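Asks: Please find one structure pasted underneath; my questions will follow.
The values are calculated or read from the model by the stated rules, or taken from the named source; none is laboratory data. Given the structure is predicted, the values throughout are model-derived calculations rather than measurements. No Cβ is skipped: glycine too gets one built from the backbone with ideal geometry, and neighbour counts run over all protein chains shown. Surface areas here come from the heavy atoms of the whole protein model, side chains and all, with no ligands, DNA or RNA. Shrake-Rupley method; radii C 1.70, N 1.55, O 1.52, S 1.80 Å.
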Amino acid sequence: MDLTAINPVLLIASLMVAATPILLAAVGELVVEKAGVLNLGVEGMMITGAICGFSIAVETGSPLLGFVAAAVGGAVLSLLFVLLTQVALANQVASGLALTLFGLGLSALMGQGYVGIKPPPMSRLDIPVLSDLPAVGPILFSHDIVLYFGIALVAAVWWMLKYSRVGLVLRAVGENHDAAHALGYKVIRIRIAAILFGGACAGLGGAYISLIRVPQWTEGMTAGVGWIALALVVFASWKPWRVLLGAYLFGGITVLQLNLQAAGVAIPVEYLAMSPYLVTILVLVILSADKSSAPASLGRIFHASH
Amino acid sequence: MIVLEKRPQPSRAWSVATPLVAVLATMIAGGLLFAALGKNPVEAIRTIFWEPLFGEFAFFYRPQLLVKGAPLVLIAIGLSLGFRAGIWNIGAEGQYIIGALTGAGIGLAFYPMEGWFIFPLMVLGGAFGGWAWATIPAVLKVRFGTNEILVSLMLVYVAEQLLASMSLGLLKNPEGFGFPGSRNLQSYDSAHNAELIAGSGMHWGVVVALIAVIFAYVLLNRHMTGFHIRLTGEAPRAARFAGVSPSRLILFCLGMSGALAGLAGLFEVAGPAGQVTIDFNVGYGFTAIIVAFLGRLHPVGILLAGGLMALTYIGGEIAQSNLGLPAAAIQVFQGMLLFFLLAFDLLTNYRLRAAASEVA
């Protein structure tokens, strides 16, 4: 075992990379839940985004186009959730599960020709002086653009929910859909928009895994990150900045666990590999007692006749 | 413009008809998918639904229906108890793995001793393993209010890692030339879950699945616990006034579904699969969710739905080898089934009305 092989600067830099897929998916789901909808299909939308992004990036040679395709793919898949829960008024838990099961199958089907291929690399931001700074450079100034987009998205969602009129209406719909309806807001339309936004974010998160974090395609490669993102929203008590904090915490555990594996720690690989999931459970246990900040209409079906 | 009008009471006729409509719609949509993949849709659908039952080699495939259907029914029966009460155990896949590990572990601990008591002990061990794994989310929910959906699901990934560790370590076959995986239980008489009637596909797992169906039917219709489950699902507030203890119900439903999933895992590892391997699990725990909904969370319905789902598995395999249909296409097909079912359920609870000139 050689712990000195773990370089803290690289650890922090790769932690940010590991956290970005969770961050993107979780901030999307946060908006969805703020609108009063519980979409358990994050894993399915992520894996669909992963293969949409991967295939388009490979075919066009442009990772950025891949990310656009991933967002579109995730949103299109979430449209099925819209049909089930907003039009057919189906149970949200069951519909979310259906979305995940369907997404896993669909992505495996779409990805058949893409196993073992390398995607085109994403260029990194390279600012002449800043990127060369010791420690600060690799941590802050030499990532790909999508990573910064993720952080900017958290800021934008925070601002939107807190200060904008759109955010106010969204929260009203999530807190009390009957009152929002009585005030004349289009509950269903607002929720549809939120679900599509969540789908696009999950798709981006999935593509970040297949294009940057593990640049390749394998079936089921999201391996529960979508579910961790769902847990993260609970962890964050539905607050955007805490989503960022939580994502970095989980990214840190994932990366540290991989580094310990590489350093040859005397714990079997499998036990290290289960640590992110165990930590998720632990965090859920610690934070679940406080449900006061959950949107009051979360998971309830809205029908104007009630 | 069409508007929805809530029915005062869910329509019984539609409740029975929606699974059938959903299957039909899935056949059509699946046919379109197969056509998009460049296969003859009619041929593909016929291969999946007709070949295993009445085709030339049906004598070979029919026993397989029992082999594939039994674990699905066993797991789905357990899940349906919780689903009815709004308790969502999504981690049956993990409970299935742990049941297989504990059950097989007991059997392998006795190797090479022979004895009549070994298999019953393994069955108990399998049920206990699944029960214990499902009790983790149950206790956390009761004690800390933790979401059981997320915890039971996280435990699936933990169980998969445990399975990998066991097949590479503790349970690895010492005579396996270094390959991962345990000894084959099929060649260890006292631990083998063999066919009860040769060539029928009927093993102990099938028998237990049928018992579970009857047990669940009696429980739901003739027993106080079953009444509490139904009451909690339909009117949670009324249930509390009626003195139902939510904690006990959570522990019972999750524990029960875990035990049944564990049993399914044990019967699979000691029978058709034969050994603990890294990829021993094939997603029955997740497919059983579809089976539970397709069977309307009703024991008899689940029995029929399990048969249908087993049919798509076997027919899918035939379509793979005969028509070159990708394996993932069947997974998509099964996912579609759940979609259509949930969508058509609208008709059970709502009436479609043409709104002429209503002031909204």
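Asks: Among the residues of the range A:234-252, what is the count of those that are surrounded by fewer than 17 Cβ atoms within 10 Å (Cβ to Cβ) and either within 14 Å of chain B (Cβ to nearest Cβ) or hydroxyl-bearing (Ser, Thr, Tyr) (or both)?
Replies: Of the residues in that region, 1 qualify.
Asks: What number of residues within the range B:237-264 satisfy the criterion of being at pLDDT 90 or above and on the phi > 0 side of the Ramachandran plot?
Replies: Of the residues in the range B:237-264, 0 are at pLDDT 90 or above and on the phi > 0 side of the Ramachandran plot.
Asks: Please work out which residue is farthest from the other protein chains (Cβ to nearest Cβ), limiting yourself to the range A:96-119 and to residues that are open to solvent by less than 20 Å² (accessible area, probe 1.4 Å) and part of a loop (DSSP other than H, G, I, E, B).
Replies: Among residues in the range A:96-119 that are open to solvent by less than 20 Å² (accessible area, probe 1.4 Å) and part of a loop (DSSP other than H, G, I, E, B), the one farthest from the other protein chains (Cβ to nearest Cβ) is A:PRO119.
Asks: Would you point out which residue out of B:ALA58, B:ALA36, B:ALA29 is over 15 Å from B:PRO326 (Cα atoms) and open to solvent by 10 Å² or more (accessible area, probe 1.4 Å)?
Replies: After ruling out the rest, the residue left standing is B:ALA29.
Asks: Any residue in the range A:63-77 that is open to solvent by 10 Å² or more (accessible area, probe 1.4 Å) and not in a helix (DSSP H, G or I)?
Replies: So far as the range A:63-77 goes, no, none of its residues is open to solvent by 10 Å² or more (accessible area, probe 1.4 Å) and not in a helix (DSSP H, G or I).
Asks: Also: Could you please find all residues in the range B:167-207 being open to solvent by less than 60 Å² (accessible area, probe 1.4 Å) and without any contact (Cβ under 8 Å) to a residue 40 or more places away in the chain?
Replies: Correct list: B:GLY169, B:GLY176, B:GLY178, B:VAL207.
Asks: Where the second residue is β-branched (Val, Ile, Thr) and the first is more than 20 Å from A:PRO121 (Cβ to Cβ) and lies in the range A:57-85, which pairs have Cβ atoms under 7 Å and are six or more apart or on separate chains?
Replies: That search, which allows pairs on different chains as well, returns A:GLY73/A:THR48; A:GLY74/A:THR48; A:LEU77/A:THR48; A:SER78/A:ILE195; A:PHE81/A:ILE195; A:VAL82/A:ILE192; A:VAL82/A:ILE195; A:THR85/A:VAL37.
Asks: Could you count how many residues in the range B:325-360 are out of contact with any Leu (no Cβ under 9 Å at 6 or more places or on another chain) and at pLDDT 85 or above?
Replies: Matching residues across the range B:325-360 total 2.
Asks: Quick one: is A:ALA207 of a type in the set (A, V, I, L, M, F, W, C), within 13 Å of chain B (Cβ to nearest Cβ) and crowded, with 20+ Cβ neighbours inside 10 Å? Walk me through it before giving the result.
Replies: Working: of a type in the set (A, V, I, L, M, F, W, C): yes; within 13 Å of chain B (Cβ to nearest Cβ): no; crowded, with 20+ Cβ neighbours inside 10 Å: yes.
In short, no.
Asks: When you look at B:VAL269, is it among the aliphatic types (A, V, I, L, M), at pLDDT 85 or above and open to solvent by less than 40 Å² (accessible area, probe 1.4 Å), yes or no? I'd like the intermediate steps shown before the answer.
Replies: Working: among the aliphatic types (A, V, I, L, M): yes; at pLDDT 85 or above: yes; open to solvent by less than 40 Å² (accessible area, probe 1.4 Å): yes.
Judged against the criteria, B:VAL269 is a match.
Asks: Still on this structure, please answer the following. Test of understanding: among B:ILE106, B:ILE136, B:ILE77, which residue is farther than 25 Å from B:ASN184 by Cα, of a type outside the set (Lys, Arg), open to solvent by 30 Å² or more (accessible area, probe 1.4 Å) and in the same structural domain as B:PHE215 (by TED's automatic domain parsing)?
Replies: Details: B:ILE106 fails: farther than 25 Å from B:ASN184 by Cα; B:ILE77 fails: open to solvent by 30 Å² or more (accessible area, probe 1.4 Å).
Going through B:ILE106, B:ILE136, B:ILE77 in turn, just one is farther than 25 Å from B:ASN184 by Cα, of a type outside the set (Lys, Arg), open to solvent by 30 Å² or more (accessible area, probe 1.4 Å) and in the same structural domain as B:PHE215 (by TED's automatic domain parsing): B:ILE136.
Asks: Here is a check on your reading of the model: is B:ASP279 surrounded by fewer than 24 Cβ atoms within 10 Å (Cβ to Cβ), within 12 Å of another protein chain (Cβ to nearest Cβ) and either touching a Gly at 6+ places or on another chain (Cβ under 7 Å) or farther than 28 Å from B:ALA58 by Cβ (or both)? Don't jump to the end; show me each part of the working.
Replies: Working: surrounded by fewer than 24 Cβ atoms within 10 Å (Cβ to Cβ): yes; within 12 Å of another protein chain (Cβ to nearest Cβ): yes; either touching a Gly at 6+ places or on another chain (Cβ under 7 Å) or farther than 28 Å from B:ALA58 by Cβ (or both): yes.
Answer is yes for this residue.
Asks: Restricting to the range B:228-264, count the residues that are within 24 Å of the chain's Cα centre (by Cα) and of a type outside the set (A, V, I, L, M).
Replies: Total satisfying the criteria: 12.
Asks: Whether any residue in the range B:43-53 is outside the structural domain of B:THR312 (by TED's automatic domain parsing), aliphatic (A, V, I, L, M) and within 26 Å of the chain's Cα centre (by Cα) is what I want to check.
Replies: So far as the range B:43-53 goes, no, none of its residues is outside the structural domain of B:THR312 (by TED's automatic domain parsing), aliphatic (A, V, I, L, M) and within 26 Å of the chain's Cα centre (by Cα).
Asks: Taking the range B:86-103 as the search range and keeping residues that are within 12 Å of chain A (Cβ to nearest Cβ) and open to solvent by 20 Å² or more (accessible area, probe 1.4 Å), which one is modelled with the lowest pLDDT?
Replies: B:GLY86
Asks: Would a scan of the range A:294-302 turn up a residue that is under 17 Å from the mean Cα position of the chain (by Cα), surrounded by 15 or more Cβ atoms within 10 Å (Cβ to Cβ), within 14 Å of chain B (Cβ to nearest Cβ) and in contact (Cβ under 8 Å) with a residue 40 or more places away in the chain?
Replies: Let us first name the residues in the range A:294-302 that are under 17 Å from the mean Cα position of the chain (by Cα), namely none.
Within the range A:294-302 (the criterion being under 17 Å from the mean Cα position of the chain (by Cα), surrounded by 15 or more Cβ atoms within 10 Å (Cβ to Cβ), within 14 Å of chain B (Cβ to nearest Cβ) and in contact (Cβ under 8 Å) with a residue 40 or more places away in the chain), the answer is no, since none of the residues qualifies.
Asks: What do you reckon, is A:GLY167 outside any helix (DSSP H, G or I) and not polar (S, T, N, Q)?
Replies: On the way: outside any helix (DSSP H, G or I): no; not polar (S, T, N, Q): yes.
Judged against the criteria, A:GLY167 is not a match.
Asks: For the range B:297-336, how many residues meet the condition of being at the interface with chain A (Cβ under 9 Å from one of its Cβ atoms), part of a helix (DSSP H, G or I) and open to solvent by less than 40 Å² (accessible area, probe 1.4 Å)?
Replies: From the range B:297-336, those at the interface with chain A (Cβ under 9 Å from one of its Cβ atoms) are B:326-336; that's our starting set.
Next cut, part of a helix (DSSP H, G or I) only: B:327-336.
Right, trim to open to solvent by less than 40 Å² (accessible area, probe 1.4 Å) and you get B:328-330, B:332-336.
The qualifying residues number 8.
Asks: Looking only at the range B:229-245, count how many residues are assigned to a helix (DSSP H, G or I) and free of Cβ contacts under 8 Å to residues at least 24 places away in the same chain. So that I can check it myself, show each step before the final result.
Replies: Taking the range B:229-245 as the starting set, the residues that turn out to be assigned to a helix (DSSP H, G or I) are B:229-234, B:236-241.
Add one more test, that the residue is free of Cβ contacts under 8 Å to residues at least 24 places away in the same chain, and what stays is B:231, B:234, B:237-241.
Residues flagged as assigned to a helix (DSSP H, G or I) and free of Cβ contacts under 8 Å to residues at least 24 places away in the same chain within the range B:229-245 amount to 7.
Asks: Another question, then. Considering A:VAL17, A:VAL9, A:VAL37, which residue is surrounded by fewer than 24 Cβ atoms within 10 Å (Cβ to Cβ) and farther than 24 Å from A:TRP217 by Cα?
Replies: On the way: A:VAL17 fails: farther than 24 Å from A:TRP217 by Cα; A:VAL37 fails: surrounded by fewer than 24 Cβ atoms within 10 Å (Cβ to Cβ).
The conditions single out A:VAL9.
Asks: Identify the residue in the range B:61-72 that is under 25 Å from B:LEU297 (Cα atoms) and touching a Ser or Thr at 6+ places or on another chain (Cβ under 8 Å) and, among all such residues, is least open to solvent (accessible area, probe 1.4 Å).
Replies: Here the answer is B:LEU72.
Asks: Moving to a separate point now. What is the residue count in the range A:270-285 for residues that are among the hydrophobic types (A, V, I, L, M, F, W, C) and within 8 Å of chain B (Cβ to nearest Cβ)?
Replies: Number of matching residues: 6.
Asks: How do the pairs read when you match residues in the range B:337-352 that are touching a residue at least 24 places away in the same chain (Cβ under 8 Å) with residues anywhere that are in a helix (DSSP H, G or I) and surrounded by fewer than 20 Cβ atoms within 10 Å (Cβ to Cβ), using Cβ under 6 Å and keeping only pairs 6 or more apart or on different chains?
Replies: Going by the 6 Å Cβ cut-off, the qualifying pairs are B:PHE340/B:ALA25; B:PHE344/B:VAL21; B:LEU347/B:TRP14; B:THR348/B:TRP14; B:THR348/B:SER15.
Yes/no per residue for (1) more than 14 Å from chain A (Cβ to nearest Cβ); (2) among the hydrophobic types (A, V, I, L, M, F, W, C):
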site	(1), (2)
B:VAL123	yes, yes
B:VAL156	no, yes
B:GLY169	no, no
B:ASN173	yes, no
B:GLY181	yes, no
B:ALA191	yes, yes
B:SER200	yes, no
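One line per residue, one yes/no per condition, for (1) under 22 Å from the mean Cα position of the chain (by Cα); (2) of a type outside the set (Val, Ile, Thr):
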position	(1), (2)
A:VAL234	yes, no
A:LYS239	yes, yes
A:ALA247	yes, yes
A:LEU256	yes, yes
A:ILE267	no, no
A:GLU270	no, yes
A:LEU278	yes, yes
A:VAL283	yes, no
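Asks: I would also like to ask the following. Restricting attention to the range B:31-45, does a residue exist that is closer than 30 Å to A:ILE301 by Cβ and in contact with a Pro (Cβ under 9 Å, 6 or more places away or on another chain)? Break it down into steps so the answer makes sense when it comes.
Replies: Keep residues of the range B:31-45 that are closer than 30 Å to A:ILE301 by Cβ, which gives B:32-33.
In the following step, the residues that additionally are in contact with a Pro (Cβ under 9 Å, 6 or more places away or on another chain) were identified as B:32-33.
Yes, that holds for at least one residue.
Asks: Something else about it: For A:GLU175, are the conditions met, namely being farther than 30 Å from A:GLY116 by Cα and of a type outside the set (Lys, Arg)? It would help to see each step written out before you state the result.
Replies: Numbers: farther than 30 Å from A:GLY116 by Cα: yes; of a type outside the set (Lys, Arg): yes.
Taking the combined requirement at face value, the residue satisfies it.
Asks: Which of the numbered conditions does A:ALA202 fail, given that it passes all the others? Conditions: (1) more than 24 Å from A:VAL76 (Cβ to Cβ); (2) more than 10 Å from chain B (Cβ to nearest Cβ).
Replies: Unmet for A:ALA202, out of (1) more than 24 Å from A:VAL76 (Cβ to Cβ); (2) more than 10 Å from chain B (Cβ to nearest Cβ): (1).
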